[in-house]
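The values are calculated or read from the model by the stated rules, or taken from the named source; none is laboratory data. Values in this document were obtained by computation on a predicted structure and should not be read as measured data. A quick note on method: Cβ atoms are made from the backbone with ideal geometry, for glycine too, and the neighbour counts reach across all protein chains shown.
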Amino acid sequence: MFFEIDQLINSFELGDSNRNRIIIRKLRKYGDSISEYLYERAVSAEDRFLSIQLLGAINEVKNDKLRKRMLNDADKEKDEFVLATFISLFRRIGLYEALPLIREKFSEAKDLRVKANCAEYLSEFGTMNDLYLLEKYFDNPSTRVSINSILASAMIAERIKGKCIQKLDSLYKSEDRVKANGALFAMKKLNVPVSKKIFGLSFSNSIVNNY
């Protein structure tokens, strides 16, 4: 198998982005089975171009030691193009542990690729604590940084709203009339569809309207 992998790796060509994308797609099909091999080749490569392509070809990492090593290596990385590639990799493999590092790099990095990729990572793994940080970049001169920051904020807000609706729904189904009416009021404000009766409780419009 590794003979085929090496053939693909040796086929990367600087300046031929279409060819390189095809090779990366083929390598990604191997999943976790070659992630460690690709990573060793990436960090040992003298050619920066090859390192970036190989990092981009990794799309699944199950080994905890390797995940921790990647995180440590990214923290020490001085080349911002390589760092941006690491950040994309972390989003791709679901490296939740990278969140503190991503926040730090998003705030401190000057490279726009790094910032844009950080915002993209936060769109999937960020929390409400990241909304203020993201808002700072809504009007960034870089379109990609700006759009990714806005999108990340919207996606985080949607996740938070989903959790809130789930909680309201459980309160709405409560046999405690005060909790149920309060939840109904909140759900109407959020335009969330609700059934008329739950557990035999009928809700008074006067209570809801004056809540």
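General remarks:
- Total residues in region 177-207, condition at pLDDT 75 or above, over 20 Å from K161 (Cβ atoms) and among the polar types (S, T, N, Q): 1
- In region 1-37, the qualifying residues are those that are free of Cβ contacts under 8 Å to residues at least 24 places away in the same chain and in contact with a Leu (Cβ under 8 Å, 6 or more places away or on another chain), and the one that is surrounded by the most Cβ atoms within 10 Å (Cβ to Cβ) is L8.
- Restricting region 123-150 to residues that are in contact with a Phe, Trp or Tyr (Cβ under 7 Å, 6 or more places away or on another chain) and of a type in the set (A, V, I, L, M, F, W, C), the residue that is farthest from G162 (Cα to Cα): V145
- Figure legend. Inter-residue proximity from region 82-111: first residues closer than 16 Å to K65 by Cβ, second residues of a type in the set (D, E), beta-carbon distance below 7 Å, spacing 6+ or different chains. Indicated pairs: I93/E60.
- Checked against (1) within 20 Å of the chain's Cα centre (by Cα); (2) small (G, A, S); (3) surrounded by 14 or more Cβ atoms within 10 Å (Cβ to Cβ), S51 passes all but condition (1).
- Residue that is modelled with the lowest pLDDT [pool: residues in region 111-159 that are of a type in the set (D, E) and out of contact with any Ser or Thr (no Cβ under 7 Å at 6 or more places or on another chain)]: E158
- Single residue of region 1-23 satisfying the filter (assigned to a loop (DSSP other than H, G, I, E, B) and at pLDDT below 90) that is farthest from I58 (Cα to Cα): G15
- Residue list for region 65-80, restricted to those being more than 20 Å from the chain's Cα centre (by Cα) and either touching a residue at least 12 places away in the same chain (Cβ under 8 Å) or surrounded by 12 or more Cβ atoms within 10 Å (Cβ to Cβ) (or both): E77, D79
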